[in-house]
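Q: Let me begin by handing over the structure; questions about it come next.
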Amino acid sequence: MTIRVVIVEDSPTMRAILMNRLGKEPDIEVVAAAANAAEGRQMIRELDPDVVTLDIEMPGMNGLDFLAKIMELRPTPVIIVSGSTQEGNEMTARALALGAVDCYAKSGGGHGLDDAGRLAGMIREAAKVQFTARAPQTRRVASEARGLLADRPALIAIGSSTGGVEALQTVLSGFPADCPPTLIVQHINARFAPAVARTLDQSCPPRIVVAEPDMPLKDGHVYLAPGDDRHLSVGGSSTLHCKLRSGAPVSGHLPSVDVLFESVAKTVGPRAVGILLTGMGADGAQGLLAMAQSGARTIAQDEATCTVFGMPRAAIHLGAARIVAPLGAIARHAFSKAA
């Protein structure tokens, strides 16, 4: 099957680079290239592409506003192709929270492709995405969670991938400000991890930071894996802390959700909660099974609210998820065994 792509990019040079490089892929066809959001909107309406690549720093209607319109009126898999500047990182993080499937960082200076094969791979994965109804964000769940803290876990571990930033925003919006220490592995380019943490921190009650080596785990704090070549796990016994170590990919990923979950199973056991959200592949399924076998409460996002059901599906197939819940109910389930 040929994947039909529309490029939305204001730089003529970058448009030409993208068209030339993606045009060499036998299964990808660039059906149109737009210089701004107005052109892009018309092309998407007329051509109904499988995937859109979108630059977010554009004149007129910027990429964020355009993305919000796409997701509202004509949900389509969107890959952000962004410069690596600080401002670009912040806007990309916000785009992921709005529903962009993935992000690709342009090379230094924002005028080239470091690894066009990686971008082509993202496009192939994005073409598999089937958008479904999304659970709305709610603050009511946060107040419900505060009322359930008698059943408070000692630690919460979350894994997510494709569509995960948007899902994390919904889940963490339902956490109380004094939630148990929470560790997250989200498959994301390391360049964007700090901006994603800041974006989530601005909209969710807990304090959200990028994990650092030996950082002590505190109530009211959420620790996001840096996304570089290090696995995130939990260490310690009476005093828990973040562990970051280099290594080979596990379940095809570095960092890996399986590594985090398996460390939580060994270190925290039945006092923990594991949550597996939307994502491609099976990373996290074996780790969630290890958590379930240790007595932890384990939760998987249901198919109807996933951008991609791969990771939760794999965990459910293994019998690793004791609870399967829609996105908007996951925070409540994390704090109540009876939920």
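Q: Report every pair of residues separated by at least 6 positions or lying on different chains whose Cβ atoms are under 8 Å apart, first residue within the stretch 236-254 and closer than 17 Å to Lys266 by Cβ and touching a residue at least 60 places away in the same chain (Cβ under 8 Å), second among the hydroxyl-bearing types (Ser, Thr, Tyr) and surrounded by 18 or more Cβ atoms within 10 Å (Cβ to Cβ).
A: Short answer, once both residue conditions are applied: Leu240/Thr267.
Q: Where in the stretch 215-254 are there strands (runs of 3 or more DSSP E), lying fully within it, with 2 or more residues that are farther than 22 Å from Cys103 by Cα and over 16 Å from the mean Cα position of the chain (by Cα)?
A: Numbers: elements: 221-224, 230-235, 241-246.
Because the criterion is at least 2 residues that are farther than 22 Å from Cys103 by Cα and over 16 Å from the mean Cα position of the chain (by Cα), the strands (runs of 3 or more DSSP E) in the stretch 215-254 that meet it are 230-235, 241-246.
Q: Look at Thr2 and say whether it is over 30 Å from Leu172 (Cα atoms), surrounded by fewer than 19 Cβ atoms within 10 Å (Cβ to Cβ) and in contact with an Asp or Glu (Cβ under 9 Å, 6 or more places away or on another chain).
A: In short, yes.
Let's see how each residue does on (1) more than 29 Å from Ala126 (Cα to Cα); (2) buried (at least 18 other Cβ atoms within 10 Å of the Cβ); (3) assigned by TED's automatic domain parsing to the domain that holds Ala225:
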site: Pro249; (1), (2), (3): no, no, yes
site: Lys266; (1), (2), (3): yes, no, yes
site: Thr307; (1), (2), (3): no, yes, yes
site: Pro326; (1), (2), (3): no, no, yes
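Q: Just to be sure before I move on: is Met58 surrounded by 19 or more Cβ atoms within 10 Å (Cβ to Cβ), within 27 Å of the chain's Cα centre (by Cα) and part of a helix (DSSP H, G or I) in the structure I sent? Break it down into steps so the answer makes sense when it comes.
A: Values: surrounded by 19 or more Cβ atoms within 10 Å (Cβ to Cβ): yes; within 27 Å of the chain's Cα centre (by Cα): yes; part of a helix (DSSP H, G or I): no.
Here the answer is no, as Met58 does not meet what is asked.
Q: Checking Leu47 against (1) surrounded by 15 or more Cβ atoms within 10 Å (Cβ to Cβ); (2) touching a residue at least 40 places away in the same chain (Cβ under 8 Å), only one condition comes out false. Which one?
A: Leu47 satisfies every listed condition except (1).
Q: Go through (1) assigned to a helix (DSSP H, G or I); (2) free of Cβ contacts under 8 Å to residues at least 60 places away in the same chain; (3) β-branched (Val, Ile, Thr) and name the single condition Thr298 misses.
A: With (1) assigned to a helix (DSSP H, G or I); (2) free of Cβ contacts under 8 Å to residues at least 60 places away in the same chain; (3) β-branched (Val, Ile, Thr) applied to Thr298, the lone miss is (1).
Q: Report yes if Gly274 is surrounded by 24 or more Cβ atoms within 10 Å (Cβ to Cβ) and under 23 Å from Ser173 (Cα atoms), otherwise no.
A: Numbers: surrounded by 24 or more Cβ atoms within 10 Å (Cβ to Cβ): yes; under 23 Å from Ser173 (Cα atoms): yes.
In short, yes.
The values are calculated or read from the model by the stated rules, or taken from the named source; none is laboratory data. These numbers were taken from a predicted model, which means no experiment stands behind them. Backbone-built Cβ (ideal geometry, glycine too); neighbour counts: all protein chains shown.
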